[in-house]
Amino acid sequence: MTIKLYLNSRFESGKPFYLYTGRGPSSSSMHLGHLIPFTLCKWLQDVFNCPLVIQLTDDEKTLWKDLKVEQAYQMALENAKDIIACGFDINKTFIFSDFTYIGQRPEFYRNMIRIQKCVTFNQVKGIFGFDDSSVIGKIAFPAVQATPALSTSFPDIFGDKKIPCLIPCAIDQDPYFRMTRDVCPRIGFDKPALVHSKFFPALQGAKTKMSSSEANSTIFMNDTPKQLKNKINKHAFSGGQATVEEHRKLGGNCDLDISYQYLRFFLDDEAKLEQIKNDYTSGALLTGELKKILLDTLTPVLTTHQENRAKISDEILQTFMTPRSLC
Ligand code: TYM
């Protein structure tokens, strides 16, 4: 993945900052789309050698989905393993479930209340679309997601120092952080900076977003090679023509073709990607052949992830999830 990044003066010249990202555990396995911001996060952590906090919003998913507290917490633990399997540095990463951590550190809860005191019901209604029938947990939740952007919410890592925060995520999380950026200066903190990754589309089409709630449109990190093959061959939307003859004559449309779109994220070789685009557009490359290239690219991504995940012991998980000082 090619990454070009321009950070403003707050993030220059070796000044300390930390990364903050998260996951709402609504399924026991994460999907390929989730990998995008987490891969970016890992790259940022490696390059800037900085601490990273990862919030698992099991409280959010209990409030929004048909999930009991215990189920959401369990999924948070499962998702934490998927996240660790991305290769984060155990000495620089703290992963926390809201259900566990918020009760452990009063500093987090105090910051949450500072934020809640600055935002009216009218404002969250406007930002998140709540109405009179929304349960009150939902109304208060945006402050929970905003709180990790204040470094003092993590006294074990930052003490009482105010350190700038950079948040990698996709655009769907922006409403939370627009609110956070509005509140931060009013309570004496820098606004967090954000870096948005593109949406990874669902199998059904380039203009969609991959989501956990649609099994047939989603590739989960725990899919077997056979499931992956079935999903790609059966469901990946094709930008090709109806017959081989027509395809050879008219060529395919890479903008619409999901296999090509997925390769844009996962094929590192830019020259090869360009060649594939030219060949598919001219009709020299058929849809079946393009899907085969995608399968050869994605199968090792999933199997390597699954192997890494299988190596994560309860002890490693517990270390990542223990509030502690980070190097
Ligand atoms: P969640 O679990 O919906 O998504 C986790 C992260 O993955 C991004 N994402 C995607 N990125 C690319 N393509 C997709 N198809 C796709 N689907 C999801 C999301 O933008 C997110 O970065 N409320 C949050 C959890 C959270 C959080 C955070 C996320 C708490 N604090 C701070 C980011 C930053 C949620 O439910 O994410």
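Measuring nothing but protein heavy atoms, the accessible surface of the chain at 1.4 Å probe radius is 52 percent carbon and sulfur. Remark: the GLU214-ASP156 segment gains 17.0 nm on full extension, using 0.36 nm per residue and subtracting the alpha carbon distance.
Once every DSSP H run of n ≥ 4 in the chain is given -39500 (n - 2.57) and the sum is divided by its residues, what mean residue ellipticity at 222 nm do you get, rounded to the nearest 500 deg cm²/dmol?
Details: 15 runs with 159 residues, N = 327.
Result for the chain, helices only: -14500 deg cm²/dmol.
Positive end of the dipole of the chain, charges at C-beta (+1 Lys, Arg; -1 Asp, Glu), about the Cα centre: which of THR224, HIS235, ALA202 has its Cα farthest in that direction? Result: ALA202.
Measure out, as a whole number of angstrom, how far apart the alpha-carbon centroids of the stretch 147-179 and the stretch 295-325 sit. Centre-to-centre (Cα) distance: 24 Å. Taking all protein chains into account, the per residue accessible area for the chain stands at 48 Å² (1.4 Å probe). Please report the spacing between the Cα centers of the stretch 89-121 and the stretch 30-44 in Å, no decimals. Result: 22 Å between the Cα centres. Label positions at LEU250 and LYS15, each projected 7 Å from the Cα along the C-beta direction, are separated by 5.5 nm. Full extension of the chain between SER282 and ASP296 yields a length gain of 2.8 nm, computed as 0.36 nm times the residue separation minus the alpha carbon distance. Excluding same-chain neighbours fewer than eight residues apart, the lysines reachable from LYS117 by a Cα-Cα span under 19 Å are LYS125, LYS138, LYS191. Using only Cα coordinates, the Kirkwood hydrodynamic radius of the stretch 215-308 works out to 13.6 Å. Here the spin labels are modelled as points 7 Å beyond Cα on the Cα-Cβ line, and at ASP66 and ASP172 they lie 1.9 nm apart.
Kindly give the semi-axes, whole Å and largest first, of the ellipsoid equivalent to the chain, taking each as the square root of 5 times a Cα gyration tensor eigenvalue.
Working: eigenvalues 282, 89, 81 Å².
Equivalent ellipsoid of the chain: 38, 21, 20 Å, largest first.
Per residue and in cubic angstrom, what volume does the convex hull of the Cα atoms of the stretch 168-325 have?
Numbers: hull volume 26.0 nm³, N = 158.
So the per-residue Cα hull volume is 165 Å³.
Restricting to the chain, what percent of DSSP beta bridges are antiparallel, rounded to 5? Can you show the working numbers first?
Working: 1 of 18 bridges.
Looking only at bridges with both residues in the chain, the antiparallel portion is about 5 percent.
The values are calculated or read from the model by the stated rules, or taken from the named source; none is laboratory data. What you see is a predicted model, and the numbers here were worked out from it, not measured in a lab. Heads up, the Cβs are rebuilt from the backbone with ideal geometry, glycines too, and the neighbour counts pull from every protein chain shown. For the accessible areas, the whole protein counts, side chains as well, though only heavy atoms, and no ligand, DNA or RNA atoms are used. Shrake-Rupley method; radii C 1.70, N 1.55, O 1.52, S 1.80 Å.
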